[in-house]
Structures are given as C-alpha cells and as structure tokens.
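Report on the structure given below.
The values are calculated or read from the model by the stated rules, or taken from the named source; none is laboratory data. Keep in mind it's a predicted model, so treat the numbers as computed, not measured. In this analysis, Cβ positions are derived from the backbone assuming ideal geometry, glycine residues included, and neighbour counts consider all displayed protein chains.
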Amino acid sequence: MGGQEEKYVKEAFDSNWIAPLGPLVNQFEERLAKKVQMAHCAALSSGTAAIHLALIILNVQEGDEVMVQSFTFCGSANPVLYQKAKPIFVDSEAQTWNMDPKVLDEAIADRIKQTGKKPKAVIAVHLYGMPCQIERIQEVCKKHDIPLIEDAAEALGSTYKGKPMGSFGDFSILSFNGNKIITTSGGGALLSNNEDWITKARFLSTQAREDAVHYEHHELGFNYRISNILAGVGLGQLDCLDEWVSLRNANHDFYKSIFKTSAVHVHQVPDENYFSNHWLTCITIDKQQTGFSREELRLALLEENIESRPLWKPMHQQPLYAEATVYGGAVCEKLFETGLCLPSGSNLKVEEKERIQMVLNKFVNR
Ligand SMILES: *Cc1c(COP(=O)(O)O)cnc(C)c1O
C-alpha cells in the first residue's frame, strides 16, 4: 500500500457507499481510461472476468476457436473454456517472450484451412510488463480481420513507442490482483474505444439486470463488478503507480549490474521503442555456460529464505490443456525450463537487496 488508500476508502465509509457501484468506481474507471489511453473502461472483480466478458461480447461460442499466447498465466486462457470454445496456443518469440507474430499468422492461416472458419479472437499478453511485438501482432489481426484482446494484466505503466500497453487492442484488460504492480486485493478492468461494448460489459457484469423497477432479466449475466470500497483502494494505488514503476525499474538495473559479466541473461527490452514497467525482473540460465540450473539457483536462494519462482509454465504443457492444439512451443518450453523470476517488489529494502546480492554473487562465483 502507498498510504493514500485509506483516504479514499474513508470517503466510501463517510458517504455510506459500501454497495458495489458508487462514485469511487466511476472515478477509478475514468482515471484508468486516461492512464491507458482508451476511451472507455469498466472496473470489474478480476482480470479473468474482464477477458470472459470480452469473449462474450465478441460472440465467442461453443466450438469456436481463440488464438492464445501459450506462455502466460491461466487467467488469460481459462475464459475460453468458460465459453466452451477452444484455445489454440501460440508460441512466443525469444526477444519479448510474448506471442510470435509469424507463428500467429501461420497458425491462423492453418486454422482457416483446417476448419473453414476464422478464429474469433486473438489474446496476446505483455508478460512480466514486457510489451509484445504489438505492431506486428496488430498487422496480423488486421490482415485476417480478427479482433485483438490485449492482456495487459502485468503491464500497467509499460509503453511501446510512448503509447501505453492496453491502448492497442480492440479490447484490453488489466488486473489488480494482490501480486500485480497496483492492487485492490482483487480486481480488474476491461477497456475499449468502443462505447457500446463497455456499456454491454457493465450490463453483463451486474447480472444483466434490465432497466426496470423490479428485477428483470433477459440475458445470462454475471456478478463481476468491483465494489466501491475496492475502487477506493485502486484510486490510492494509482497515485503511486509512477513511483512504483521507477522502483521496479531500479530493481531491474540492480539485477543487471549483478549479472553483467556472468552467463546469466537478464530479460530486457529489445530496443528503445519498448518501455517495460519491469513488474518482475526475470533471468534465464544457460546451464552449459554457468554450470548450474535454474532450480539449483532457486534452491540456493530459498536456503537463505529468499523467494524466487520459475517462469510461467506454458498453457500447452498444463494437464488442463493436454488436448489443446499448439503452434510451435519450443521457445516457451525452454523459457520455463531455464527461467527464474527474482524478488522484484516495489518495497524491497536496501538491506534486502544487499543480502540478495551477496547470496547471488556467492552462488554465481562459487
Ligand atoms: C493476473 C493475470 C490475469 C488474471 O487476472 P486476475 O485479476 O488474477 O483474474 C490474466 N493474465 C495475466 C497475464 C495475469 O498475470
């Protein structure tokens, strides 16, 4: 927490707006839309809910296909199953670790050839805050006339050519889950320049209640709205976002300075067009060169009570998705095998960094 959250939450209590919806939700949506440079925003209960509503509004139905980046958290892909549709997984490219535009292009062409139908949507992710090759992904989507859902759950504050991630897709989504760069403990948002779509999302997220004095329902809705209290927490968090992006970037510089000379690769932006919030700083380890594996380093850190985690396990390798089709896969499989997320919190203290540095140096140079 940054310190301002209680002020906004107190506003909710003082005005007795404890119900879902209320003035803080409206303010939160306006500020998110401005930050991400999308015209319209619906604040929701989670990022997963936001993707689910995007798929419904894009009319994704049973048996339809949706192209999904395989290298991601399951929240990107599960909503496809909620709709009884089929995720078609796409490998990453080695530069940004996100959806490979060339593989996507070939995969879409192949799906059309095999099924005679176009996939209904593309879900591309900016993993760990790193923008995907968004212009090339947009080109592929445009060429095949397929809507793009930008999963910016980890990339609030990241930009490509100065434009915020979350502003490029037909839809984009954010998450304010506890582990994200800003959090409402749990929450998310759906954004678009299409006002009708966001109006529809608000309607669906409040149980699709029709405009009547009594409770009238013609469509299947969901309880996916954020509460006024949590929107207050979100407003306080937004006040801190820029500062936290700098702190996370400082963490990234810190790790770059440690691994300058070793065979450990710190994941970094391909060129100056990309700006990452560096939500998490990640490394990959070439065991042949370093003599140690990702797992050996993880355990050495854990022994000193320092938590690190493997990178996301690709969706096509998850038992849940054992039946799903995948195009490519070797790039993200290797990332999972060799990669590690290092301690990256906005609140890492100097003493903690010194301790991490000592343990890393000792292990790397042993
Ligand atoms: C966190 C996350 C989500 C889901 O967000 P929730 O708010 O946890 O539902 C989706 N995609 C990615 C890449 C995420 O990191």
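Restricting to the stretch 185-214, name every residue that is more than 16 Å from the ligand (Cβ to nearest atom), over 18 Å from LYS35 (Cβ atoms) and in a loop (DSSP other than H, G, I, E, B). Matches in the stretch 185-214: ASN194, GLN207, ALA208, GLU210, ASP211, ALA212, VAL213, HIS214. Within the stretch 195-206, being surrounded by fewer than 16 Cβ atoms within 10 Å (Cβ to Cβ) and not β-branched (Val, Ile, Thr) holds for GLU195, ASP196. The residues of the stretch 127-145 that are away from the ligand (no atom under 12 Å from the Cβ), assigned to a loop (DSSP other than H, G, I, E, B) and touching an Asp or Glu at 6+ places or on another chain (Cβ under 9 Å) amount to a single one, GLN133. Looking only at residues in the stretch 273-295 that are in contact (Cβ under 8 Å) with a residue 60 or more places away in the chain and away from the ligand (no atom under 15 Å from the Cβ), the one that is surrounded by the most Cβ atoms within 10 Å (Cβ to Cβ) is THR281.
The one condition from (1) aliphatic (A, V, I, L, M); (2) surrounded by fewer than 20 Cβ atoms within 10 Å (Cβ to Cβ); (3) over 30 Å from ALA107 (Cβ atoms) that ALA231 does not meet is (2). LYS102 falls short of the stated requirement of being among the charged types (D, E, K, R), more than 24 Å from THR284 (Cα to Cα) and surrounded by fewer than 20 Cβ atoms within 10 Å (Cβ to Cβ). Here is a list: GLN95, GLN114. Which entry is modelled with pLDDT of 95 or more and assigned to a loop (DSSP other than H, G, I, E, B)? It is GLN95. Filtering the stretch 32-51 to residues that are buried (at least 24 other Cβ atoms within 10 Å of the Cβ), within 16 Å of the ligand (Cβ to nearest atom) and not in a helix (DSSP H, G or I) leaves CYS41, ALA42, ALA43, LEU44. Hey, does the stretch 245-257 have a residue that's free of Cβ contacts under 8 Å to residues at least 12 places away in the same chain, within 25 Å of VAL68 (Cα to Cα) and surrounded by fewer than 19 Cβ atoms within 10 Å (Cβ to Cβ)? Within the stretch 245-257, not a single residue is free of Cβ contacts under 8 Å to residues at least 12 places away in the same chain, within 25 Å of VAL68 (Cα to Cα) and surrounded by fewer than 19 Cβ atoms within 10 Å (Cβ to Cβ).
Of everything in the stretch 149-184 that is farther than 21 Å from CYS74 by Cα and basic (Lys, Arg), the residue that is nearest to the ligand (Cβ to nearest atom) is LYS163.
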